[in-house]
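Data block below; observations after.
The values are calculated or read from the model by the stated rules, or taken from the named source; none is laboratory data. Please read these numbers as outputs of a predicted model, since none were measured by experiment. Cβ placement follows ideal geometry from the backbone for every residue including glycine, while neighbour counts extend to all protein chains displayed.
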Amino acid sequence: MANFEFYRLKNGVRVVLVPMSGVQSVAVGVYIGTGSRYEDTKNNGISHFLEHMVFKGTKKFPTHKDTSYLEGLGAIQNAWTDVDATAYWCKLPSNRWRQGLEMVKELALYPTIPNKDLQIERGVILEEIQRRNDRPDELAGEALQKLMFPDNALGWMTLGQPEVIKSLSRADFLRYHQSQYKSDNIVVAVAGEIRNWKLEIRDLIEDWFGGLAKEKAGLCQPFIDKQNAAAFKVQNKKLANQAHVELGVRGVNVTDPRRFALTLLTSYLGQGLSSRLFMELREKRGLCYAVHASESRWQDTGEWDVYAGVNIDKLEGAVEGILNELRRIKQIKLNKKELEAVKEKVRGPILYSMENPVRQMNWYARQALDRPEEVMDYDTVIDRLMGVTAEEVRQVAQDLFRTEKLNLAVVGPVEKKKEEKLLRLLRV
């Protein structure tokens with residue numbers, strides 16, 4: 001079990017150090033508490049676009065060839081952008097930690113956004129958007145977001161809209177970076193074989209990040225839930241006799257104590273080959289070829305959803321089957337055997353993640369971003385999950401699964417008469 005160290009620099013930069021034994025690598029990341037929900041209609045997509053552009057050059061590493069030199073040292077290097085966070089990270093042999101830390105620092109803090117590369121990368125982003133349009137399962141997820149979070153950036157796509165991507169200038173990137181990449185919005189995380197260099201790492205983090213001005217980042221628009229009736233949206237698309245379904249409700253936020261019970265509920269209903277939805281809808285009734293549940297949590301709200309890929313002729317049956325399972329979990333408590341099994345099902349992957357420096361880095365960094373006043377180690381989280389009762393699982397289902405909060409998005413060749421039937425089905 002790795003012990004972790006969490007602290008703040010005087011300017012507000014958060015730091016997480018996670019020594020691990022039995023590994024010969026180190027994962028290094030800089031996480032920024034910004035993403036698509038911090039954008040506006042004029043720059044939607046800029047968080048993700050900026051994440052691409054930083055690799056085109058920084059002050060110390062002026063070209064793409066320079067920013068990718070770590071691969072020649074055995075590193076795995078990448079970045080990602082989400083609704084509320086952006087991360088630059090690499091995994092490399094432990095004796096190369098300094099080069100890794102320097103690179104993620106440069107990428108996050110000192111990108112040059114070369115004009116000559118802007119147009120080329122703009123084309124790459126537009127192709128990425130086009131690729132999404134060829135993936136109906138992703139379009140169903142996008143439709144659900146818009147339905148659940150109207151008039152809020154949570155309903156927008158991280159990739160952005162083509163017309164906005166085409167309009168963004170270098171000045172827009174510099175302005176956005178200046179407003180969001182602030183000291184109080186940054187987490188530096190290092191996990192892996194760092195025991196021999198821990199003091200050195202602390203000193204270098206202070207050196208490289210401690211000099212940033214003490215400033216606060218721009219805020220996002222909070223989401224206020226005003227939904228009082230089930231919502232439904234069909235996006236007609238010619239597919240090979242298939243429909244892609246997303247059924248969602250608002251979930252819980254990152255600090256909600258019900259999140260542990262909801263984790264178990266999500267796993268029981270819709271994760272893995274043993275999940276209730278998979279067994280009932282696919283294995284027993286053949287209503288769909290894919291079905292799974294997932295959830296996301298943010299500062300002020302969350303999302304819980306079920307995805308299903310179905311034959312168009314079985315669409316109503318699949319939706320009704322999903323809703324039946326939501327009703328059932330509200331009414332019938334898990335028995336002792338079911339509760340024990342789902343706890344082990346959740347505990348296993350948590351234990352496995354402890355073996356991987358990248359997973360450990362992400363585990364602690366996300367907590368430091370989302371919930372810095374309560375950063376939990378693995379034992380604490382497992383204990384909280386193991387302590388959840390069957391009644392708590394049923395209670396969170398009753399709290400979230402309510403008819404007036406249901407949202408259904410379908411992508412596929414859906415006839416008008418099917419739409420009317422689906423709308424009538426929307427009740428739990």
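Of everything in the range 311-346, what is among the charged types (D, E, K, R) and touching a Leu at 6+ places or on another chain (Cβ under 7 Å)? Give them in sequence order. Don't jump to the end; show me each part of the working.
The initial filter retains those residues of the range 311-346 that are among the charged types (D, E, K, R), namely 313-314, 316, 320, 325, 327-328, 330, 333, 336-338, 340, 343-345.
Correct list: LYS314, GLU316, GLU320, GLU325, LYS343.
Kindly evaluate LYS116 against the criterion of being surrounded by fewer than 14 Cβ atoms within 10 Å (Cβ to Cβ) and on the phi < 0 side of the Ramachandran plot. Please lay out each step first, then the result.
Details: surrounded by fewer than 14 Cβ atoms within 10 Å (Cβ to Cβ): yes; on the phi < 0 side of the Ramachandran plot: yes.
Spelling it out, LYS116 is indeed surrounded by fewer than 14 Cβ atoms within 10 Å (Cβ to Cβ) and on the phi < 0 side of the Ramachandran plot.
Only one of (1) out of contact with any Lys or Arg (no Cβ under 6 Å at 6 or more places or on another chain); (2) under 13 Å from GLU39 (Cα atoms) is not met by LEU126, so which one is it?
Answer for LEU126: the failing condition is (2).
Just to be sure, is ASP305 among the charged types (D, E, K, R), crowded, with 16+ Cβ neighbours inside 10 Å, over 30 Å from MET103 (Cβ atoms) and under 25 Å from the mean Cα position of the chain (by Cα)? Spell out how you get there, then give the answer.
Values: among the charged types (D, E, K, R): yes; crowded, with 16+ Cβ neighbours inside 10 Å: yes; over 30 Å from MET103 (Cβ atoms): yes; under 25 Å from the mean Cα position of the chain (by Cα): yes.
So ASP305 passes the test.
Tell me which residues, restricted to the range 4-14, are surrounded by fewer than 22 Cβ atoms within 10 Å (Cβ to Cβ), assigned to a strand (DSSP E or B) and either out of contact with any strand residue (DSSP E or B) (no Cβ under 7 Å at 6 or more places or on another chain) or of a type outside the set (Phe, Trp, Tyr) (or both).
Start the filter on the range 4-14 by keeping residues that are surrounded by fewer than 22 Cβ atoms within 10 Å (Cβ to Cβ), which leaves 4-12.
From what's left, assigned to a strand (DSSP E or B): 5-8.
Selection gives GLU5, ARG8.
Given the conditions (1) assigned by TED's automatic domain parsing to the domain that holds LYS345; (2) in contact (Cβ under 8 Å) with a residue 24 or more places away in the chain, which single one is not true for GLY192?
Among (1) assigned by TED's automatic domain parsing to the domain that holds LYS345; (2) in contact (Cβ under 8 Å) with a residue 24 or more places away in the chain, the lone unmet condition for GLY192 is (1).
Just for the range 56-67: of the residues that are touching a Phe, Trp or Tyr at 6+ places or on another chain (Cβ under 9 Å) and of a type outside the set (S, T, N, Q), which one is modelled with the lowest pLDDT? Spell out how you get there, then give the answer.
As a first pass, look at the range 56-67 and keep what is touching a Phe, Trp or Tyr at 6+ places or on another chain (Cβ under 9 Å): 58-61, 64, 67.
Imposing the further condition that a residue be of a type outside the set (S, T, N, Q) reduces the set to 59-61, 64.
Numbers: LYS59: 97, LYS60: 97, PHE61: 97, HIS64: 94.
Out of the qualifying residues, it is HIS64.
Look through VAL381, VAL342, VAL428, VAL388 and report the one residue that is part of a loop (DSSP other than H, G, I, E, B) and closer than 16 Å to THR263 by Cβ.
Working: VAL381 fails: part of a loop (DSSP other than H, G, I, E, B); VAL342 fails: part of a loop (DSSP other than H, G, I, E, B); VAL428 fails: closer than 16 Å to THR263 by Cβ.
Unique residue meeting the criteria: VAL388.
Is it the case that some residue within the range 28-39 is in a helix (DSSP H, G or I), within 26 Å of the chain's Cα centre (by Cα), β-branched (Val, Ile, Thr) and closer than 28 Å to ASN152 by Cβ?
Within the range 28-39, the first condition is being in a helix (DSSP H, G or I), and the residues that meet it are 36-38.
Now drop any that are not within 26 Å of the chain's Cα centre (by Cα), which leaves 36-38.
Subsequent filtering for residues that are β-branched (Val, Ile, Thr) retains none.
Scanning the range 28-39, I find no residue that is in a helix (DSSP H, G or I), within 26 Å of the chain's Cα centre (by Cα), β-branched (Val, Ile, Thr) and closer than 28 Å to ASN152 by Cβ, so the answer is no.
Of everything in the range 211-250 that's among the β-branched types (Val, Ile, Thr) and in a strand (DSSP E or B), which residue is farthest from VAL187 (Cα to Cα)?
Residues of the range 211-250 among the β-branched types (Val, Ile, Thr): 224, 234, 245, 249.
Among the residues that remain, those that are also in a strand (DSSP E or B) are: 234, 245, 249.
Working: VAL234: 40, VAL245: 36, VAL249: 30 Å.
It comes out as VAL234.
List pairs: first in the range 109-129 and modelled with pLDDT of 95 or more, second among the aromatic types (Phe, Trp, Tyr) and surrounded by 17 or more Cβ atoms within 10 Å (Cβ to Cβ), Cβ under 6 Å, 6+ apart or cross-chain?
ILE113/PHE173; ILE125/PHE49
Pairs needed: first member in the range 412-428, farther than 14 Å from LYS233 by Cβ; second member anywhere, basic (Lys, Arg); C-beta distance under 6 Å; at least 6 residues apart or different chains.
Taking only residues 6 or more apart or on different chains, the pairs are PRO413/LYS238; VAL428/ARG327.
Looking at the range 154-177, which of its residues are outside any helix (DSSP H, G or I) and closer than 16 Å to ILE113 by Cα? Reasoning before the result, please.
Taking the range 154-177 and keeping what is outside any helix (DSSP H, G or I), we get 156-161, 168-169.
Selection gives LEU168, SER169.
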